[in-house]
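Everything on this sheet refers to the single structure shown next.
Throughout, read-outs are computed from the coordinates displayed, never taken from laboratory work. Given the structure is predicted, the values throughout are model-derived calculations rather than measurements. Note that each Cβ is placed from the backbone with ideal geometry, even for glycine, and that neighbours are counted across all protein chains shown.
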Amino acid sequence: MLNDKIEILGVEIDNLTMGQAILKIDQMVNSSSCHQIATINPEFLVEARHDKKFKQILNQASLAIPDGIGLLWAARRKKENFFERITGADLVMQVIKKQQHSFYFLGGAPGIATRAANKLLKKYPRLNIVGAIDGGIINDSNLAHQKQLIYEINKTKPDILLVALGAPKQDKFISRWQKDLNCHVAIGVGGTLDYIAGALPRAPHLWQKIGLEWLWRLFREPRRFKRIYRAIIVFPYLVLTRK
Ligand code: UDP
């Protein structure tokens, strides 16, 4: 399939349409290994500047999609254009809607994964959700000691594992366990389960369209200030001053 990549601050991001991304996921589900998908936004790239392991993980992902609007701007500065912005939440919903693959939901605050699963099952009765769990507290020191959790996930043999632990933890978790996971696709999905569960409303469509979803989220969750500062101040600074 034809798709190329656009490099931003040292990270290669796939340039493809939503339709092509969905097709790629279908192909991954039919393959034998477990593929990692990263949903990249500007904060990821700021973080990856001083976290080499995270940068390597993003560059090795089978698919790295441009989730944040800032990436489209950064690409245009290089006279390149992403076909479109593909948010992790939208991509996940498109794949779920097809009701063709089986899913396992991992992460989020206690109860969020099961709430998200129940909501979806009401809407899509043929949807195959084989498991949903918050996973307890997963942190840097116990991330590598999750054999029991991996065992529980593997028992259910999901096609697609959604990991909602926030970045970079979710992406490091997937990378650490990729070889042991009995699934075909593992996606770091950030706040997607919160959106689905209804715990966190997404920004109104107009706000999303004009690229102000971050401002909406800042109003809703002021604790995000540091991250938003990185996205709207540090990231543009790095892009503009990059030689
Ligand atoms: N999360 C989690 N464990 C953690 C950190 C985060 O389960 O140690 C969950 C959090 O509850 C939320 C999701 O990860 O559901 C995404 O978090 P965040 O808001 O940081 O990500 P974003 O949506 O901005 O990518």
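Pop the C-beta distance of residue 124 and residue 205 into the FRET formula with R0 = 22 Å and round what comes out to the nearest 0.05.
Values: r = 22 Å, r/R0 = 0.98.
Efficiency computed from Cβ-Cβ geometry: 0.55.
Using +1 at the C-beta of Lys and Arg and -1 at the C-beta of Asp and Glu, which of 141, 111, 151 has the Cα lying farthest in the positive direction of the dipole of segment 63-222?
Result: 111.
Taking 0.36 nm per residue of separation and subtracting the Cα-Cα distance, what length does fully extending residue 216 through residue 52 add? Intermediate values should be presented prior to the final figure.
Numbers: separation 164, 0.36 × 164 = 59.04 nm, distance 3.06 nm.
Taking 0.36 nm per residue and subtracting the Cα distance, the gain is 56.0 nm.
Give me the one-decimal nm value for the distance between modelled label points at residue 137 and residue 176, 7 Å along each residue's Cα-to-Cβ direction.
1.5 nm
So what does log10 I(q)/I(0) come out to for the chain at q = 0.10, 0.12, 0.16, 0.18 Å⁻¹, using the Debye formula with one equal point on every Cα and no solvent?
-0.45, -0.66, -1.23, -1.58
Which value, in debye to the nearest 20, gives the size of the charge dipole of segment 195-243 about its Cα centre, when Lys and Arg are +1 and Asp and Glu are -1 at the Cβ?
Approximately 220 debye in magnitude.
Distance from a point 7 Å along Cα→Cβ of residue 151 to each backbone N in segment 83-111: keep the residues under 15 Å and list them by number.
The answer is none.
Over the chain, calculate the relative contact order: mean separation of alpha carbon pairs under 8 Å at least 6 apart, over the residue count, as a percent. Write out the running numbers ahead of the final one.
Working: 391 pairs, mean separation 56.3, N = 243.
Taking the mean separation of contacting Cα pairs over the length of the chain, I get 23 percent.
What is segment 166-243 by shape, rounded, prolate or oblate, if you read a ≥ b ≥ c off the alpha carbon gyration tensor as root eigenvalues and call it rounded for a/c under 1.5, prolate for a/b larger than b/c, and oblate otherwise? Don't skip to the answer; put the middle values down first.
On the way: a/c = 2.32, a/b = 1.30, b/c = 1.79.
Oblate, since a/c reaches 1.5 and b/c is not below a/b.
Which entries in the list 55/122; 53/122; 97/169; 179/226; 5/98 go over 31 Å, if you measure between the two C-alpha atoms of each? Write out the running numbers ahead of the final one.
On the way: 55/122 38 Å; 53/122 40 Å; 97/169 27 Å; 179/226 34 Å; 5/98 27 Å.
Over 31 Å apart, Cα to Cα: 55/122; 53/122; 179/226.
Give me the distance between the Cα centres of segment 5-24 and segment 126-201, rounded to whole Å.
22 Å
Based on DSSP H runs of at least 4 residues, each adding -39500 (n - 2.57), what is the mean residue ellipticity at 222 nm of the chain after dividing by all its residues, to the nearest 500 deg cm²/dmol?
Estimated from H runs of four or more residues: -12500 deg cm²/dmol.
If we sort 128-139, 53-64, 216-227, 183-194 on the protection proxy, mean other Cβ atoms within 10 Å, highest first, what's the order? Spell out each step's value before the answer.
Working: 128-139: 16.2, 53-64: 19.3, 216-227: 13.0, 183-194: 26.1.
The peptides rank, most packed first, as 183-194, 53-64, 128-139, 216-227.
Would you please give the FRET efficiency between residue 77 and residue 223, computed as 1/(1 + (r/R0)^6) with r the Cβ-Cβ distance and R0 = 25 Å, to the nearest 0.05? List each step's numbers first, then the result.
Values: r = 30 Å, r/R0 = 1.20.
Between residue 77 and residue 223 the formula returns 0.25.
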